[in-house]
1. Within segment 58-71, can you find the residues that are modelled with pLDDT of 90 or more and either of a type in the set (S, T, N, Q) or more than 8 Å from the chain's Cα centre (by Cα) (or both)?
2. Report, by residue number, each residue of segment 111-126 that is more than 17 Å from the chain's Cα centre (by Cα) and surrounded by 17 or more Cβ atoms within 10 Å (Cβ to Cβ).
3. List every residue pair whose Cβ atoms sit under 6 Å apart, with the two residues 6 or more apart in sequence or on different chains, where the first one lies in segment 81-97 and is within 22 Å of LEU68 (Cβ to Cβ) and assigned to a loop (DSSP other than H, G, I, E, B) and the second, anywhere, is at pLDDT below 85 and open to solvent by less than 40 Å² (accessible area, probe 1.4 Å).
4. As an exercise: evaluate THR7 against (1) farther than 15 Å from TRP161 by Cα; (2) polar (S, T, N, Q); (3) modelled with pLDDT under 75 and give the number of the one condition it does not meet.
5. ALA152 is checked against (1) within 18 Å of ALA59 (Cα to Cα); (2) touching a Cys at 6+ places or on another chain (Cβ under 8 Å); (3) surrounded by 21 or more Cβ atoms within 10 Å (Cβ to Cβ) and fails just one. What number does that condition carry?
6. Output the residues belonging to segment 127-137 that are assigned to a helix (DSSP H, G or I) and surrounded by 13 or more Cβ atoms within 10 Å (Cβ to Cβ).
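The values are calculated or read from the model by the stated rules, or taken from the named source; none is laboratory data. Keep in mind that this is a model prediction, so the values were computed, not measured. Don't worry about glycine lacking a Cβ; one is built from the backbone with ideal geometry, like all the others, and counts go over all protein chains shown. Please note that ligands, DNA and RNA were not included when accessible areas were found on the heavy atoms of the full protein model with its side chains. Shrake-Rupley method; radii C 1.70, N 1.55, O 1.52, S 1.80 Å.
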Amino acid sequence: CLRILRTVNAAGFASARRVDSVRQAILLLGSDTLRRWASLWVLAGLSHGAHPEVVVMSAVRARCCELLAGNTGGASDAFLLGLLSLIDVVSGRPLDLIVAELPVSASIRDALLGQDTPGRRLLDCALACERGDWRACVSASDRAGLPAARLAQAHAAALHWAASFD
């Protein structure tokens, strides 16, 4: 509750008036945004042994995947997929063991394990942009059915979004 109120009342959030109840904050943020922030906070809480930049990388991947998914019904799943893509690094455990324990959909589980799914194609796009591998970006965008220019735009927007955390 404290994090929600701090986030909504932060100067960067640009609220015209002070929000002093969790109910107001939830209404202002919306359920999708609240879920997104809660997921980030949980991941950050799990990352005791990992470098803090890993959480930022996960956030960038999550936002990039969400933006690439666009207005499809799978945008929130795409965000979660990107966020969990470094869960093995964050937790210091093998990915296959973690994924077996996660209460996520089969499509997210399959994508995390590298199977060729629509979600995995979005994640591959985000990974190619992250590495700056433009040939891989073009190839990944073709497989995902997206224009290559959209990958660069989504990645830049995701970087900007993650930079706004400070």
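1. Residues satisfying the conditions are LEU67, LEU68, ALA69.
2. THR117
3. From segment 81-97, the pairs are LEU86/VAL54.
4. Result: THR7 passes all but (1).
5. The failed condition is (3).
6. LEU127, ALA128, CYS129, GLU130, TRP134, ALA136, CYS137
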